[in-house]
Every structure is written in structure tokens, then in C-alpha cells.
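What follows is calculated from the coordinates using simple rules that are stated; it is not laboratory data. Since the structure is predicted, the reported quantities are computational estimates derived from the model, not experimental observations. Neighbour counts run over all protein chains shown; Cβ positions are idealised from the backbone, glycine included.
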Amino acid sequence: MTVVPARTLLWISFISTPLLWLLHFLLAYLITEGSCSAAGENTGIFGASSLTLLYLLTFVFVLASVFFTFLAFRTSKQAQKTAPSYDDFLPKLGFTCGLLFSFVVLLEFIPLAILGAC
Amino acid sequence: MSLPYGSSNDDTFIETWKSAAGPFAWLRAVNNSPIGKRFLVTGFAFFLIGGIQALFMRLQLAKPENNLMSPELYNQLMSMHGSTMLFLFVVPILEGLATLLAPSMLGTRDLPFPRLTAFAYWAYLFGGVLMYSSFLLGVAPNGGWFAYVPLTGPEFSPGINMDFWLLGLELAEASGIISAFELIIAVLAMRAPGMTLGRIPVFLWAMLVASSMILFAFMTVLIASLYLELDRKLGTAFFSPELGGSTLLWQHLFWFFGHPEVYIQFLPAAGIVSMIIPVFCRQPLVSYTAVVLALVSTGVMSFGLWAHHMFTTGMPDITASFFSTMSIVVAIPTGLQFFVWIATIWRGKVIWKTPMLFVMGFMVNFLIGGLTGVMLGVAPFDWQVHDSYFVVAHFHYVLIGGVVFPLIAGFYYWMPKITGKLMGERLGRWNFWLMFVGFNVAFFPMHLAGFRGMPRRVYTYIEGIGLANYNLISTLGAFIFATGILVFVLNFLASLRQPNTDPNPWGAYSLEWATSSPPPPYAFLTLPIVKGRYPLWEQEQLDKGDEETVDMVKTLASWPLSWQAGVVTDVFTGRLREVFWLANPSYMPITLATGLAISLGAMIFDSYWLSALGLVIALIAYLVWMNPRQRPTENDKTIEEKFKRFGVAVYRYSSPTIARWSLFLTMGIALTTLGTFLFTYFFLSTNTPVWPPESAKLGGWTAAVLAQLFTVSGLVIVAWTQRYSMAGGRTKLIRHFAIASVLDFVAGGLQIWAYSQLSFSWTSHAYGSIFYLLAAFQLFMLITALVMASIALFRLNFNHDPAEQERVQVTVENARRSNYVMLACWLAIFFTLYLSPHLM
Amino acid sequence: MFRGALIIAGLAVILHIGVILISLERVKAKPPLAMPDTTGRVVSQEASSLLKHYGCGGCHYIPGIAGANGKVGPGLEQFANRAYIAGHLPNTPENLVHWLMNPQRLEPGTAMPTMNLTSTEAKLIAGFLYGYDNDAR
Amino acid sequence: MATIMMRVRQIAGIALYLGLANAQEASWRSPVNVLSRKGLVADQISTIWWFLFSTASLVFLVVITLLLIALFKKGQAVPKGPVQENSSVRPILYLGTGLTIIVLLITAVYTFISMRTLAAPSQKPALTFEIVGKQWWWDVRYEGESISANELHIPSGEPVHFSLHSDNVIHSFWLPDLAGKRDLIPGHPNSLWLQADEPGTYRGSCAEFCGVQHGKMNFTVIAEPRAAFETWLEHARAEANAAVSEEARVGQAIFMQQGCAGCHSIRGTAAQGEIGPELTHLSSRLTLAAANIPNTTGHLAAWIVDSQSIKPGNRMPSQKLSGEDLQFLLSYLMELN
């Protein structure tokens, strides 16, 4: 009898980083939408400058994405060892997804650095 | 003569799977193969209609200040061309192709809900017909396929043109959602034994991704069109700036649908390409994982692109830059796919047949469209060419080059599985070259016309500004392209007179080629046992495998004969798990669709009693639809026992696994709806200096808070039932659900009383509009949860048939889950309406 | 079988191109001129740009001039076949030139305004209008 | 084919003729070009385009070359039996994707840098014009007062600021020769700056679908040296000159009685309508009907009596006037310079 990784873990390893990216993207969008006036002035949000907030947000999400990418990697290794062939497809896909989406979240630093808050 | 793999010569079995008999049988036909073909024919008909509209527009634009048609007619044609191509052609025809092919590609027999398949078709057809019936009255929609407010609002479009568009669209979109819903479940739960997630044909991975996108993206446009229809009919103020509404809200919601929509169309097309290239290169894809990664990541990223349609609306640079980044980055997965294709061709030996020609046409044209797409993602450049003919050129390169070319390739490739015939190669080449040349002659000059300052959607242009030549050439190209389409139609008609072809004329690898051309309605008598991604290349025989699976598959081939059996396999291991009764033919899908069409159509003419009548018809049809069907025979019961020994359960209604997936997806839809409403609320709040307006007074605080407490305690009681099993805790389950329902009922009453204390109406300002809508949604969710609980109570009380207990169990689980979702909505709405104004 | 379909396809192409040509027929340039002091097609272009500048097309239908679809005054197709100008002047080149230069003097109160054409311009336009007589339309 | 060639020659000929014979008309009617470098903003965007174009061409060439080699080189068919994904061609995949990522990254960085440059002019604009989009024309305002319609002058060689809004549907202000477009959105004021480097006449149009006559909603911007511009501005803000000739005085009375004054305003007279364009200095403008026809007597007459044929569906009803009244009205309007 082979040991198959928990089903939830398989799903999580696949879907977490895309969802993290989406969440990050929507949050970043809402922050700028809420804190930038039409004239391009920065009114800040929750007392903090929105730029600080965006940097912080991006940093946290990059860390989280890297963590889940690693999780997917571990799950795929585990599945490869224990499960029948091709069953490691989902975590393997999740790992590549993780690499891509971590990179995409990381990219958000570039506009922040060049364009500033608004 | 030996039968092709998977065919049967058992009369009872064939009789069971044949389409329903009788003079009006086609009205009650269900099953994927007849309905899929109807989708294809109807979709193609709409394509031809939309194309003819385009030709008329091209004639009008062939020379400056042309007088061929009035601007009013031009705008109607322009609007209907866009709406037809995007709503009535591409998505339905791709879903139709998948509906037709998915079961045979997956090595199974049908989709999970045959009646829903039929309903999706009728809803699509009636939606399209409703939209087109406006031409009979000369009041075709004229606000563009994007229908920007306030141009389409009650003030600037007082006629009924846009009502036809909105209501027809709602029906057609509902059909799209339903098809997507079915395809997702089919791909996840109904596959041949041994077909794990990593062995699904790429086209179906693409359909899986696209369908998941449809579920979320289509909801936002449905809601946006609901707002607009409410604005037009009930005088709400979602889009009236003078009453606190926002015109940009429409654009956000529309493009949050509209951009994923483009990828919803492109991904299946890319899937088709990934299916065809290996066959005509005789090589596996260089990396299956990379292609699936590209499909999935493009699908997700497409939700972060919507505002690149709004760069000129004046957003802060940093916001624009996020969308710019994503519009550029989304090219990475597409590039990845491109290089996979090239590497595969590099390895392989190319066989030049028409499908391959069209795929190569796709690669050239789509490459151009993709490159201009990256350019448009560069915000400053977009400020210049946005809404110019450059954009028209770009998206035709993407949608014709990127979707229509692969689609035609797919038709040539899969025609043996649609009609059983191969289409002619010689006409195929004519077809390709006419389309390829015509397409480029028609659309390439449009880039230049855009640079010469030609805006989109103009019915004419003045002389002497350097646009005449580009437009004349484009018109010429459009007619060459149309000739290509004509050759396709001729080729198709000519092919119908040919004899049926072999099961696998192309030497392809996927399972649909294992069964005869055209496939029998049941696709496979003996389900194939899959051991790799390229079964027909890798496996000498499809019925060899481990003993248990072979035994199960053999048993399934001889039983059941008198009813249609659906087969559920495990999502990860691909092992057989369940056998269930598929729904049989019925008049109810068409009745339901008719009822809805009457209801929506009557609304256009403000005939609300007729509208209500339509709804009643729909409701009755729905109830009849859901009624139980035939009973099992003694023989069935014996064999059910045999299956139980394999660990395969047999269900006389829909399978519990499928029911769980359905509820899961429905919950996703409900939460998307909630999210869209909440986005609307907060978006509108940032749009006005004072929110809520001074005049808006919230009443009934105590009642509202009490209502929340009641629902929370109801949920606690429901959640408690998780501890009880069906076997021992039946009475406790009944008691808990009954108490929770009473609590929810009281909560609903209190909440309604609280809302009756309000000092404003939905017409006073946008705040009132979204407030009442959220309130209505809150009550709708409560009613849904109550109905689910009642069904659970009913089954717990009266259904003691031991064979049905799993089904009762699922009803209870679903009641519980819908209660969770209901509570989430209630608390989120309470927080938003009552608490959030005090936090900001 | 295929050959038959091919022939039909060929016919369809010809049909399409025919449609395009017919749609273009209305914009075909009309070179022939009746006035003695004007020659060649350049003059025709000169005249048509004068027609566009003065706005004749706003009130008259003039074949061959983009946007000249006015319904205020009479259509100017086959102008040489007209018996009268403005209802009572015999249709001679001299009368037409005078009429174009100052309609208010010849027919006070007519809706056609005086647009201060020079006599050369009026002759060019008159030549253009008479040119339609030779057209096979 | 001969017909088409003739057509091509004919159009080329007319354009040439117009360019020589009537400089004024030619410029508002002449071709525009997104890639022309006539304005500071357009110049920057043009540079971006050439960057994008060269990159894209390179990518196109590389990909198509690879594809052609792949198609026509000798390959092999997969043997029977278990199918292995072939790893020998993976380098194409890795290299291709890697290069894609690098090219896209460079593009993104370049985008943000150019966005920063274009965010604001280096010198603060001294002038602000207010543009209000109407169905289907442009109201030009300066310090809260309508001074022109569908036509305005700007000083060349300095940045000018536009504040853009609409009180009806969404429009979009686009001057391809000078700058990118910006939408005029009800309830959402926008702004735009641009600079014309050289004096000249520039044609613009509405780029957002705004109803039945979206196709004929154009405008003209005339850039001229500062001094000439100031003369124009002063003139544009002045009241209309009084009717001089007898005909014009009769025409003025007709203007007031026939209902023209209900929609149009002429500053300095009783006409204060706010629905249509203001007409204070009508005859000094180059065009009529939102830069679609030249402003000549014939066109004006046609526009008054049959505007619905020229711009079907527009908001100005065709007027029922006797021939005499029309001549008087024309005399009056032609005096409004």
C-alpha cells in the first residue's frame, strides 16, 4: 500500500500561489485606488503612507509565496517517492506555478521603486 | 467485420443510448452528442451572421463619407457584430466543441447532467434569438458590445434597444456558466480509469481552466447588466453621477469580465493547437507540464489585467503601472507555450495536412497579435493608440488569428468525430490560403489607419485625411477572407457526401480516436484503461490493466443495458468510484428555457404579468425536472451488490461526488456575487465625499443586531450536527435542522423589519440602490439556506431506503454548507451596511 | 465533386469582387469636360475640390463627390440634360456660370446663397457639372 | 483593378491639390500621425513606439526563423511504445522563455521610466483650458466662460493644461499629433497636458463611442507663437461686434425670433442659449459641424437648413426658413468674425 499525500495538501500545493498573487494584486489595487486622489496626490491610508504599506504588503506576499512554493516542492518530492506514477503531477505543477507567481509578486517592487506612491 | 473499439452490437444498449424517439424527440433530446452538434451549428450560424454584418460595415467604410447606411444602422451593426462574435459565437462554439468531444476524449460516456446540457443549449439559443429579434423591430442594440454607461443608461438610450441586449445577454451568459459548470465537473470527476490529472488531454485542461474562469468572470458582467437594467427599469442610481453613482463602476465590472473573456476564448484555442501539433509532428509535446502551467497561470493572471482597457480614464500612474506590469508579464506563459510548440515541431516530422496549415497560420497571426498586445500594455503608448484602429487590428489578430484559425483547424481535425467524414484536403488548402491572405490584407492596414488617427467605432471619416486607401484595402481583404469562410462551408457540405472514415484517420493519440467515426452516442461501451498521456501511441490494447479494473470495466460493458450509466472516477488516482443514473430525455429543459425567455422578453416591453407567468412556467418546469425517475429492476440490484465488492457504489440519482462538486462550485459563484456587490459598495463610497449621504438614516439597529445573533446561533446548532452520523443520530439531525430553521426564519423577519425602518429608497441615491440590493441578496441567501434545510429535513424524515442513505447524507452536508455560506454573506453584509460607515 | 465546389468557390470570389467594384462605381472619377477653357483630369480634380470647399454637396446630390448627399436643392446628376436653371433660366453655360457666381441677382430670394466665386472657379464647376452628360450611367 | 488604381491616383491627386491650393483648409483636413514628433508628449510616445517596434520585430524574426527551421528540418516520428517527453530540445524551451522574460522586463522598466517622465511637464503650464464634451461637439472654456467651440488656439513651445469633463456621456479627447488621449467622464474630472513644439494646425477627434454621431465629432487646435495666441485669446473673450450691414441687422432679428437664440449664445446680444455651441465669433472659425466641413457660406447655409443630412441624428433641427430669411441670417452670421 503506497502512502498518498493528503488530498487537501495536493490541492493547496497547486492553488495557493496563484491565489496569493491574486489577493496581493487586488489589495495593491485597492490601496492605490483608495489613497490616490484624481490629481495624483497621496492621501495615505490608515495613517500610513500608502507606499510603505505597498512595500510591506509585497514583502509579506513574496515571503508567503516562497513558502508555499517550497511546500509544493516538498509535496511533489514526497508524492514522487510514495505514490504511483503521474500522481505527483499536481504538486509538480504547483511548484512551477509557485516559481512563476513568486516572481510576479516580486516584480511589483519595480513600479514602486520607479514611480513612487501615486 | 469487427467493430471499432468501444462499439456495441447489443440492441437494448444501443436503444437506451439512442436519442429519444418520436416526432418531437429533438425537443427533448439530452446527452452530449446531439446537443454538442447543435451548439456547433448554432454557433457557426451566428459566426456567419456576425461576419455578414462586418462585411456591410467594411463596405460602408470602403470610401470616405460613404452613404451606404445611416450612422444609426452602422452603430447597430457594430454593436451586434461585437456582441455576436464575443457572446454568441466563440464561447458557445468552444463549449459546444468540448461538450461534444469531452466524454470521448476522457474515455467516458456523457457529461454529468445531460438535462443541464440541453438547458444550456436552449438558453443560449433563446438568448441569441431574443437579442436578434430586435432587428425585426428595427431597434437593434446600438450602444456597442461594451455598452458603456451613461450612453446606454435610461437618459441617453431611452429606447428599448439596450434592453434587448441586456436581457438577451443575461440568458446567453447564464448558458455559458452552466456549460462551464458541467465541463469542470466532467473533467474533474468523470474520466476513464487510469486517467489521472497528469494524463488529461491538453484541450480539456484548457477547457477546465477556461470554464473555471467563466464561473467567476461571467458573474461580474451578469451583475453589471443587472445594475444597468435596474437603472433603466426601476430608476436606481448605480451609474448616475449626479446621485452618487459612478460611470467608471461599469467599466471596472465589465472589464473584470471582459479581459478574462479574451483568455477564456484563447486558452481553449491554444489547447486545440497543443492537441494538433503532436499529431502532425508525430512527437509528444516537449513539456506537458509547461503547457498546463501556461494555461493555468494565464488563466489566473488574466484577472489582473482588466484596467488596461481603462488607461485613458485617468487613473493614478502607480495603479496603471500594476496593470501595465501584468499586461506585459502575461506574455511569459504565452511565450512558454510558443516555445513548447516550436520545440515539438523541431523534434518531429511534419505532416502537412489542413489542420496543421491552420495551426501554422495561427502561430504567425497570433504572434503579431501577441506582440501588439504587449505594446498596448505599455500605458503611455496605449494613451495614443487606445480606441483607435490599431486596437481593432490588435484584437482581430488575437481573436481571429488566435481563436478562429485554431477553431477551423479543430474542425478539420475533429470532423470525423463530429460528422464521421473527413473534409477535403484540396479545398482545405484553398480555404486556408484565402483566409490567411484575406485576413492579413484586411487587418494589417488597420494598424496603420490607427497611426493615422482613425478612431474606433466611427461610421465614416472625412476625405483628405489619408484614411481612404487603408480602408479600401481592408474592405478588399475582408471579402477575400469571407470567400475563405465560404470555401469552408462548401468543403463541409461536400464532405457530407463522403463515406464515413476510419476511427483514426490522422494516426492520433487521444482516446476519441479509439472509437468509431462518428462515435456512437455512448462513446465507449468498454471504458478504456489509460496508462499514459498518449494512450493510442503507447498502448497496444486499451482493455488491459490490473485485474480489478478490467473486471469492473467488463462488468460495465454488459450492465446496465436499460438505463444510461455515468461513471465517476477518483480525481487523483483515476480509479472507478461510483456508477450513477444519468438523467433521461425530457421536455423540461426547453420548457424552463422558454419560461425564462418569456419572462425576460416580456420585461423589455414592461409587461410584468407576462414576465411573472414566464417565471411560473420556469419554476414548474424546474420542479418537474427534479422529479425522480424509473425504478431499478431485480437484476440491477444483484449487480449493484457485485459493484459494492469493488468499492464502487451505484446511485439511482445524481452521484454524491458530483453533488459535492456542484455545491462547491455554487458556493464559489455565490461568494463571487457577494464580492462583486461589496466591491460596488466600497467603490461607490470612494467616489463620493459623503458616504452614506446625510439624508440616509439607518433604522432598526436593535432588530438588525438581534437578527445577526439569531443566524449565528442557528449556525452553531447546524455546525453541531457534524458530530452526528446518519445511522445513529437521525433524530438529532432532524431536531437541529428544525431549530436552526426556526431561528433563521425569525432572523429573516427581524432583518426585514429593520429594513422597513429605512428613511430612503433605492431611487434616492446610489447608496440606496446598493443598500437595497445587498439587503435583497441577504434575504435571497437566507431563503436558499432555508430551502436546502427543508430538503434535508424532508429526506431525513421520509427517505429510509438503505440504498439512498449516501444521497440523504449529501443533502444534509449541502444544507450545512449552504448555511455556512449564508452566514458568511449575512455577517459580511451586516458589517458593510451597519458597521463600516463608522469605521471610516 | 471537389472540382465542382472549386468552381463555385471561384464564382464566389468573382461575385465578391464584383460587389466591391459596384460599391466603388459611385466614386469613379468623371474626366470628360464640356467647357472650352478647361482640359484634362487635373481640372476635374480642381473642380471637385472647389465643390467641396464651397459646400455645394451640403444642399445638392453630386455623384462622385464624397459626402455630397444634400437634399435641399435639386440633385446635379446629368446636369447637361436640364432644360432650365432655377426654374426659368435656359440651361446654357453662360447662364450657369452667372448663376453660380451670383444666384441672388438672377433670382432674388432664392435659398442658394451668393458665395463670391470667381469666374474661373464658376467655369470649372460648370464644366464639371456638364461632364456628366458624357457619362454612360 | 484598374478602377482601384484610378481611385488611388485620384485621392493622391486631390490631397496634393488641396495642399497647394488652400493652405488653411488643407491643414485641418490633412492627415495626422501618431508617430510625428510635433509635440513634446507625442515625441516621447513616438520614441517608445520605435523601441517597442524594434524589439517586437526582433522577437518576430527570431520566432519565425526558429519556426521555419523547425518545420523544414528533418525530424522523426515517435516509435511505438511508452512515450517519453524528449529532453534534447528542452534548451529551445529554456532559452526562449528566458529571453522572453528578459525582453519583457526591459520593456516594463522602460514603461515605468517613461511614465515618470510624462507624468508632469518640467515647466508648470501657465494656461488652462476647460474642454467639455457634448453630443457631438466640444465646448471650449476659459476661466469658466465658453469662448469657442470645436476649435481653439494654443501657444506653441510651452505646455498647456486641459481640464476635461462631460455632463452627458463619455468622450475622449485625442490630438494624435501632439499627445495621447484622455477620457471626458461625467462625474470624474480629468486633466491632460500637452505641448505643440511648432506652430501649426492639428486635427483631433473623439475616441470614445458616444452615440450616433461619434464618427463626426472632431476638433481643430491651432498652435501659434505666444503673441499671436494672446491676440486670439483676447479676441475670443471679447463680445461679438454689432451687426453693420442692413442685411445683417435683419438677420440678427431673425436669429433672435427663429429660435436660434434658444440654443446658441452670442455674447453681447440677447442670445444666451446653452444647448448648442456658442457663436460669438463664428465666422472666424475654420470649420463647422465639429470640424467636418469648411466654414464657408455654402456649407453654413446647408448646415442651417439641412443639418440632418450632413450629420444625421445630431441635435440641431433642420430649419424651415424662407430663402430671403436665410440670406439675411447668413449675412449676420458671416459678420460674426
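Around B:T526, with a cut-off of 14 angstrom between Cβ atoms, what is the net charge of the other residues, counting Lys and Arg +1 and Asp and Glu -1? Cβ neighbours under 14 Å give a net charge of 0.
From most to least packed by mean Cβ count within 10 Å, the peptides B:409-420, B:32-43 give B:409-420, B:32-43.
Electrostatic bookkeeping for D:E278 treats Lys and Arg as +1 and Asp and Glu as -1; over the other residues with beta carbon under 10 Å from its beta carbon, the sum is -1. As a proxy for reagent exposure, ranking B:R191, D:R237 by other Cβ atoms within 10 Å from fewest up yields D:R237, B:R191.
At an R0 of 56 angstrom, the distance between the Cβ atoms of D:K73 and B:Q722 translates into a FRET efficiency of 0.35. Peptides D:223-236, D:205-218, B:734-747, ordered by how many other C-beta atoms sit within 10 Å of their residues on average, highest first, read D:205-218, B:734-747, D:223-236.
Cysteines in the protein assembly as shown lacking any other cysteine Cβ under 4.7 Å from their own Cβ: A:C97, B:C281, B:C825, C:C56, C:C59, D:C206, D:C210, D:C260, D:C263.
Inter-label distance, D:R315 to B:K544: 8.0 nm, where each label sits 7 Å from its Cα along the C-beta direction.
Here the 3J(HN,Hα) profile of segment D:236-246, calculated from phi with Karplus coefficients 6.51, -1.76 and 1.60 at θ = phi - 60°, is 5, 7, 6, 6, 5, 6, 5, 4, 9, 6, 4 Hz, Gly and Pro shown as x. Per-residue mean of foreign Cβ neighbours for B:299-311 is 3 (Cβ atoms of other chains, 10 Å radius). Reducing segment B:115-173 and segment B:698-751 to their Cα centroids gives an inter-centroid distance of 41 Å. Between D:T55, D:T269, D:T97, the residue with the greatest mean-square fluctuation in the GNM of chain D (Cα pairs under 10 Å linked by springs) is D:T97. Averaged over peptide A:15-27, the number of partner chain Cβ atoms lying within 10 Å of each residue's Cβ comes to 3. Each part reduced to its alpha carbon centroid, segment B:279-340 and segment B:216-244 end up 30 Å apart.
In this structure, the amide hydrogen of D:I293, modeled 1.01 Å from its nitrogen in the peptide plane, lies closer than 5 angstrom to those of D:L288, counting only residues at least 5 positions away or on a different chain. Near D:G262, once Lys and Arg are set to +1 and Asp and Glu to -1 for all other residues with Cβ below 14 Å from its Cβ, the sum equals -1. Calculate, for B:L136 and B:L623, the FRET efficiency according to 1/(1 + (r/R0)^6) with r their C-beta to C-beta distance and R0 35 Å; round to the nearest 0.05. It comes to 0.55.
Put in order of Cβ neighbour count within 10 Å, fewest first, the listed residues D:F255, B:F146 become B:F146, D:F255. With both residues required to sit in chain B, DSSP beta bridges show an antiparallel share near 65%. In this simple spin-label model, placing a label point 7 Å from the Cα along the Cα-to-Cβ direction at both D:V109 and C:L106 gives a separation of 7.4 nm. Using the rule -39500 (n - 2.57) for each DSSP H run of four or more residues, divided by the residues of chain D, the 222 nm mean residue ellipticity is -14000 deg cm²/dmol. Taking the DSSP bridge list for the protein assembly as shown and keeping only pairs wholly inside it, about 75 percent are antiparallel. Per-residue shielding of D:100-109, expressed as the average number of other chain Cβ atoms within 10 Å of the residue Cβ, stands at 6.
In the elastic network of chain D, a GNM with C-alpha springs shorter than 10 Å, the most mobile of D:L35, D:L192, D:L61 is D:L61. Filter the cross-link list B:K421/D:K80; B:K697/D:K181; C:K71/C:K123; B:K417/B:K637; B:K349/B:K417; A:K92/B:K544 down to pairs whose alpha-carbon distance in this structure exceeds 30 Å. Violating the 30 Å limit, Cα to Cα: B:K697/D:K181; B:K417/B:K637. Exposure proxy check: B:D570, B:D606 ranked by fewest other beta carbons within 10 Å? Ascending Cβ contact count within 10 Å gives the list B:D606, B:D570.
Helical runs (DSSP H, four residues minimum) scored at -39500 (n - 2.57) apiece and divided by the length of chain B put the mean residue ellipticity at 222 nm at -22000 deg cm²/dmol. Taking packing as the residue-averaged number of other Cβ atoms within 10 angstrom, the listed peptides D:173-184, B:217-228 run from highest to lowest as D:173-184, B:217-228.
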